[in-house]
Amino acid sequence: MVRIQFAIDLQYDLTFSGADFVFNIHAAKTAAQTVLSEQLQISQTILTTIQTDPSTYASYLRLTANAGPLHIGYKATVDIKHHIGNPDEISETPVSLLPLSALTYIYPSRYCQSDRLGTLAAKEFGEMPKGYRRVEAIQNWVRSQVTFKGNTSNSATSALDTLTDRVGVCRDFAHLMIAICRALSIPARFTTGIDYGADPALGPTDFHAYVEVYLDKRWYIFDPSGTAIPMGFVRLGTGRDAADVSFATIFGSVNPPPPPLISVNAITEAGRPWEMPRHRPEAISTDVAVDAV
């Protein structure tokens, strides 16, 4: 088990008028991720609503802010239990046996144009034995083909753009891996979170995008960017691609905000079951088993 503490600080300036916000910054409450404590601070005295998506367990903070400064602060402590599997024993699930909850993740989406990557996917991975190792090969191929570099993409960059440019940040790696998996009829979804263990040389701690792939009744974690430690991921949002899980969606006029301020640390204590996040060769999942049809 891993215990993670993190804090998110967001600042906005609504100079002329108010705006509607939808935030996805709360730790998801799942069977494997227990939120022990959380604290939300909002600088304006306004009505807020927090709603949870029953299919992904992601929580959404909704509010209408008034003109002027807006400060959002969120802190949480979570315990994460990891399912550890043998990669050589994890199979792919035929489309005919996929549960309904996984079906939506085999179709093309805005940033993951899997319908245009069929030839590439078949050439590179079509002859490989089906299973976890094939998905791992997709992850490693994306990691070898794309260079991680900040400020090289934007909100319009798609998997096809990343395939052409061969450079990007974590969301771009995730989109490309997802698109290739879906081109092979392997369900893959885009997940956002807080990551413990990222290399400080990459810059200040930020939101992290990674991939979850449905294999043998579970969603397994893959990190195609290779910039963090999967055991240290705290899940926030889950969707088809980045369009579904932005940490802040704004409806209205807001001045360009400063980057989020995020801090994260792992907790250990003698005699307690918590361990430090570390890289592992096994397959890792933070989902309970989901039966096929």
Exercise for review: State yes or no: is residue 7 among the small types (Gly, Ala, Ser) and exposed (fewer than 13 other Cβ atoms within 10 Å of the Cβ)?
Suggested key: no
Practice item. Please state which of the following conditions residue 27 fails to meet, knowing it meets all the rest: (1) touching a residue at least 40 places away in the same chain (Cβ under 8 Å); (2) in the same structural domain as residue 13 (by TED's automatic domain parsing); (3) touching a Gly at 6+ places or on another chain (Cβ under 7 Å). Key: (3)
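Just give me the residues in the stretch 241-258 being part of a loop (DSSP other than H, G, I, E, B) and among the β-branched types (Val, Ile, Thr), in sequence order. It would help to see each step written out before you state the result.
Of all residues in the stretch 241-258, those part of a loop (DSSP other than H, G, I, E, B) come to 241, 245-247, 252-258.
The answer is 245, 254.
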Exercise for review: Kindly indicate whether any position in the stretch 39-61 is in the same structural domain as residue 232 (by TED's automatic domain parsing), surrounded by 15 or more Cβ atoms within 10 Å (Cβ to Cβ) and of a type in the set (Phe, Trp, Tyr).
Suggested key: no
Study note, to complete from the structure: Only unsatisfied item for residue 19, checking (1) under 15 Å from residue 257 (Cβ atoms); (2) under 20 Å from the mean Cα position of the chain (by Cα), is (2)
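The values are calculated or read from the model by the stated rules, or taken from the named source; none is laboratory data. Bear in mind that the values here come from a model prediction, so they are computed numbers and not experimental data. Cβ atoms come from the backbone with ideal geometry, glycine included; neighbour counts cover every protein chain shown.
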